[in-house]
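The values are calculated or read from the model by the stated rules, or taken from the named source; none is laboratory data. The structure presented is a predicted model; accordingly, all values stated were derived computationally and were not measured. We place every Cβ from the backbone using ideal geometry, glycine too, and count neighbours over all the protein chains shown. Heads up: the accessible areas ignore ligands, DNA and RNA and are worked out on the full protein's heavy atoms, side chains in. Shrake-Rupley method; radii C 1.70, N 1.55, O 1.52, S 1.80 Å.
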Amino acid sequence: MRNKLPSGVIKIRGVNLWAHVGVLESERLLGQDFLLDISLWIDVSNAATYDDVKLSADYSVAIKGLQKLSFTIKCLTIEMFGDKILDYLEGLYGPIPIKILLKKCRPPIKGFQGSVEIEMSRNYEI
């Protein structure tokens, strides 16, 4: 049996993060840009009914906290970075359905001009 998702989803797009993540030592020493999209499934009905921000998820806390956290993270893989982001969000909001899309903006791969992304989730079932 699948769990029903809560009544709404707050989507946060394009959070700029600077982190020391990468296989190359220079990536971990110098750091680089990442972009983060977050989806938080929450019950929005009370916030909608009473027009009370305290009855919702304060996304400004998540944005500021993740920007601060990203400066302290040093790891090899985008997977580990994503897992630390999910840990932070789950610690902030509890075991709600969360999905992230983490983009490494300019991976240092010769001849490659694109980006690399990973999508990860917690407590999320479709």
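One residue alone among GLU79, GLU119, GLU90 is over 20 Å from GLY14 (Cβ atoms), modelled with pLDDT of 95 or more, in contact with a Lys or Arg (Cβ under 8 Å, 6 or more places away or on another chain) and not in a loop (DSSP other than H, G, I, E, B), and that residue is GLU90.
Within the stretch 93-115, the only residue that satisfies the criterion of being touching a helix residue (DSSP H, G or I) at 6+ places or on another chain (Cβ under 7 Å) and at pLDDT below 95 is PRO108. Considering the stretch 62-71, the residues that are modelled with pLDDT of 95 or more and open to solvent by 40 Å² or more (accessible area, probe 1.4 Å) include one that is nearest to ARG106 (Cα to Cα), namely GLN67.
Looking for something closer than 14 Å to PHE34 by Cα and over 12 Å from the mean Cα position of the chain (by Cα) - is there at least one such residue anywhere in the stretch 53-71? Yes, the stretch 53-71 contains at least one residue that is closer than 14 Å to PHE34 by Cα and over 12 Å from the mean Cα position of the chain (by Cα).
With respect to SER60, determine if the residue is assigned to a helix (DSSP H, G or I) and among the small types (Gly, Ala, Ser). Yes: the conditions hold for SER60. All of ILE10, ILE78, ILE100 fail the test of being over 18 Å from SER115 (Cβ atoms), surrounded by 13 or more Cβ atoms within 10 Å (Cβ to Cβ) and β-branched (Val, Ile, Thr), apart from ILE10.
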